[in-house]
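**Student:** Structure incoming, see below.
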Amino acid sequence: MARIAVLGSGAGSNFQALLEKLGGQISLVVSDQPDAGILKKAKAAGLQTVVEEGGPDLSARILSHLDGIDLICLAGFMRLVKEPLLGAFPRRILNIHPSLLPKYPGKAAWEQALVDGAGKTGCTVHFVDAGMDTGEVILQAEVPVLSGDNAGILHERIQQAEHRIYAEAVRLVLERLKHVE
Ligand code: GAR
């Protein structure tokens, strides 16, 4: 069974969806925010948690907790992953982003879609590289932007799609890794 670490800074709804769909494969949750909802959800599920706040060497400090981990899932982790963490997990760090990348990278992508007057947006699971939301795409799902949408409603609709595709993308990647090893 694969051992997955989930990194997040926020409420943790994607973590919760991953936990429901991938069960015992998630073995550790790391956050840079001591009060993040993701930590409360992880503790409630009886999982090991770690807090590493931002600052110098964040990626190295996170890496020091990842012995025995096969795959990392960023789930609302609002910091760039850098060396030495990147190099230690080549094509083994995934991120979920609330837009159809390469459109609307960065923060509050659903607001960018609204401001842009887009008719559709969506979400993307991709491999993490040194850029911001730039790595190779693994899976995407489209979500319509409806008249009358506000930021909250649109983000909620995107998140429903995120909760569907993230576990599917993880399964795909784990399956491919089995064939490589
Ligand atoms: C998610 O919508 C995720 O796509 C987004 O943060 C939210 C976290 O929600 N991530 C980014 O914008 C990364 N650039 P959650 O904590 O409930 O999973």
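The values are calculated or read from the model by the stated rules, or taken from the named source; none is laboratory data. Just so we're clear, the structure is a prediction, and the values are computed from it rather than from any experiment. Neighbour counts run over all protein chains shown; Cβ positions are idealised from the backbone, glycine included. The accessibility values were calculated without ligands, DNA or RNA, using every heavy atom of the protein model including side chains. Shrake-Rupley method; radii C 1.70, N 1.55, O 1.52, S 1.80 Å.
**Student:** Of the residues 46, 24, 68, 54, which is in contact (Cβ under 8 Å) with a residue 24 or more places away in the chain, more than 16 Å from the ligand (Cβ to nearest atom) and open to solvent by 30 Å² or more (accessible area, probe 1.4 Å)?
**Tutor:** Numbers: 46 fails: in contact (Cβ under 8 Å) with a residue 24 or more places away in the chain; 24 fails: in contact (Cβ under 8 Å) with a residue 24 or more places away in the chain; 54 fails: more than 16 Å from the ligand (Cβ to nearest atom).
Result of the check over 46, 24, 68, 54: 68.
**Student:** Additional query: Name the single residue, out of those in the stretch 128-148 being farther than 12 Å from residue 96 by Cα, in contact with a strand residue (DSSP E or B) (Cβ under 7 Å, 6 or more places away or on another chain) and among the hydrophobic types (A, V, I, L, M, F, W, C), that is least open to solvent (accessible area, probe 1.4 Å).
**Tutor:** Checking each candidate, the answer is 143.
**Student:** Go through the stretch 108-131 residue by residue and tally those that are touching a Pro at 6+ places or on another chain (Cβ under 6 Å) and either over 29 Å from residue 34 (Cβ atoms) or more than 9 Å from the ligand (Cβ to nearest atom) (or both). Spell out how you get there, then give the answer.
**Tutor:** Taking the stretch 108-131 and keeping what is touching a Pro at 6+ places or on another chain (Cβ under 6 Å), we get 109-110, 120, 123.
Add one more test, that the residue is either over 29 Å from residue 34 (Cβ atoms) or more than 9 Å from the ligand (Cβ to nearest atom) (or both), and what stays is 120.
Matching residues across the stretch 108-131 total 1.
**Student:** Would you mind stating whether residue 42 is under 30 Å from residue 153 (Cα atoms) and small (Gly, Ala, Ser)?
**Tutor:** yes
**Student:** Out of all the residues in the stretch 76-107, which are over 24 Å from residue 51 (Cα atoms) and within 7 Å of the ligand (Cβ to nearest atom)?
**Tutor:** Answer for the stretch 76-107, where residues must be over 24 Å from residue 51 (Cα atoms) and within 7 Å of the ligand (Cβ to nearest atom): just 98.
**Student:** For the stretch 52-69, which positions are farther than 16 Å from residue 29 by Cβ and acidic (Asp, Glu)?
**Tutor:** The answer is 57, and nothing else.
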